[in-house]
Amino acid sequence: MPTLAGKRRLDTTLGGPICAVLNVFVRLLGILLRRDHSLQTAPRRVLVIKLVGLGSIIHATPLLRAVREKWPHAPIDFLCFREVEALVCRLRDVDEVVALDDSTYLRLFFSVLRFLWRNLWCRPDLVIDLEVHSKFSTILSTLTAARDRAGFDLITVRFRRWLYTHRVYYNRLRHVQEAYQALGWALGLNPQVGRPMPPQITEEEHAAAARLVEEGSAKGRKLVLVNVNAGELCLERRWPPESFARLIEFFAACPDVQVALTGSPTEQAYVESVRELIAPDLRPRVPNVAGRITFGEYLALLARATAVVTNDSGPLHLAVALDIPTVSLWGPVLPDSYRPLSGNHRVLWEPLYCSPCLHWVEEPPCGGDNRCMKRIPWQKVAHALAELLCLDIEVPPVPPREPDQEYKPFLSRIT
């Protein structure tokens, strides 16, 4: 399967020249056709592009609802990669999902050809590209030949200059929903900022989650779901496994609490490696359901949780959309950009000089030594979780912090 680094290289080496050629062609065509881009005429079909990112897709639901309210008769298509298809299919305001298979470059190539062939019969009048830096999404948007194409603008994405008819500055320091709101305003929409809209869950999935809770002896106890994972975009967002293990041990010993570990099938092994760090006498009380249930059953289980403890990743935003209290752990990403905007949540961030780095660089400068996450003590997380659970238990005090050596790894790499 192509790696994220490989996709980025391909996006740069092939995407850059293609965008340059398209810019010249589209600019000349625009001068000749002089098309009206005022959006006075309602689009007959709308295409939204967001290839990856469960959290970003969930936060885009207010924008999707605004599109639906403004143009109720226009079908809304959504273009994404297969890895997020299961979520997009559950969004109420999406009529049809077009999923690209990126498991190999050859399959991706043929997926793009199928998309372009489909576009001949289902061509959109308006494309809304929610990717920020992707040349690939820009090329796909342009090749639809849609009358209007909207997306974000930064100095690093000047390749979109003549390719998009509506460009909005992307402020990295503001919440992503505010960015989507600004893009909506440029299109004459009025997206609201707040709790995202929850994905749809079937009755069968709710029933399966109920059986899972009963089988796990969680019935009548406070259910705490723990997500120890983070997406491929930045594994440095993961809190240390040892810290998760100490936190889980503390609450697994509480008779009124049931703790369960979650994750996708590809994350099952890593989740189990964290579970192996739990004391042997408590380990049987902490099931690992990663990869054992479907995505829909996971959403239903999430909806039954009393609280969720998670790194900054997709499950956090799914829990927020389902109105489940969360304790979220942050480091490489600025919490203000993706944090919950409403509800009962605890956000923990212990920033270093280099944090947040992911807003400005593709690879964190720590080279994997994510001290911004390591310096969050498990006792502080336990305090926050105990508050959410309304548990009257004595949590160990946070130990004094040792003097920071945060500059050392960067200096050693330079010298």
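The values are calculated or read from the model by the stated rules, or taken from the named source; none is laboratory data. Fair warning: this is a prediction, and the values are worked out from it, not measured in the lab. Cβ sites come from the backbone with ideal geometry, for glycine too, and all protein chains shown count toward neighbours.
Here THR156, THR138 are screened, and the one residue that is of a type in the set (Val, Ile, Thr) and modelled with pLDDT under 95 is THR156.
Applying the selection to region 246-286, what residues are farther than 15 Å from LEU223 by Cα and among the basic types (Lys, Arg)? I'd like the intermediate steps shown before the answer.
Initial filter on region 246-286 (farther than 15 Å from LEU223 by Cα): 246, 263-284.
Answer for region 246-286, where residues must be farther than 15 Å from LEU223 by Cα and among the basic types (Lys, Arg): ARG246, ARG275, ARG283.
Out of the residues in region 252-275 meeting the condition of being free of Cβ contacts under 8 Å to residues at least 40 places away in the same chain and in a strand (DSSP E or B), tell me which one is farthest from the chain's Cα centre (by Cα). Among those residues, the one meeting the criterion is VAL259. Please work out if ASP369 is acidic (Asp, Glu), at pLDDT below 90 and over 20 Å from LEU233 (Cβ atoms). Judged against the criteria, ASP369 is not a match.
For region 110-123, does any single residue satisfy the condition of being surrounded by 18 or more Cβ atoms within 10 Å (Cβ to Cβ), of a type in the set (D, E, K, R), closer than 23 Å to LEU29 by Cα and touching a residue at least 60 places away in the same chain (Cβ under 8 Å)? No, there is no match, as no residue in region 110-123 is surrounded by 18 or more Cβ atoms within 10 Å (Cβ to Cβ), of a type in the set (D, E, K, R), closer than 23 Å to LEU29 by Cα and touching a residue at least 60 places away in the same chain (Cβ under 8 Å).
Each residue in region 99-131 was checked for being under 20 Å from VAL46 (Cα atoms) and in contact with a Phe, Trp or Tyr (Cβ under 6 Å, 6 or more places away or on another chain), and 1 pass. Residue-level check: of (1) modelled with pLDDT of 90 or more; (2) of a type outside the set (D, E, K, R); (3) under 26 Å from the mean Cα position of the chain (by Cα); (4) in a helix (DSSP H, G or I), PHE78 misses just (4).
Here CYS354 fulfils each of the conditions (1) under 17 Å from ILE376 (Cβ atoms); (2) part of a loop (DSSP other than H, G, I, E, B); (3) in contact with a Leu (Cβ under 7 Å, 6 or more places away or on another chain) apart from (3).
Is it the case that ALA300 is among the small types (Gly, Ala, Ser) and at pLDDT 95 or above?
Values: among the small types (Gly, Ala, Ser): yes; at pLDDT 95 or above: yes.
Answer is yes for this residue.
Checked against the criterion of being among the basic types (Lys, Arg), surrounded by fewer than 20 Cβ atoms within 10 Å (Cβ to Cβ) and either modelled with pLDDT of 95 or more or assigned to a strand (DSSP E or B) (or both), region 224-246 contains one or more residues that satisfy it.
With respect to the conditions (1) buried (at least 17 other Cβ atoms within 10 Å of the Cβ); (2) under 23 Å from the mean Cα position of the chain (by Cα), HIS383 lacks only one, and its number is (2). Taken as a whole, region 46-67 holds at least one residue that is in contact (Cβ under 8 Å) with a residue 24 or more places away in the chain, among the hydroxyl-bearing types (Ser, Thr, Tyr) and assigned by TED's automatic domain parsing to the domain that holds ALA145.
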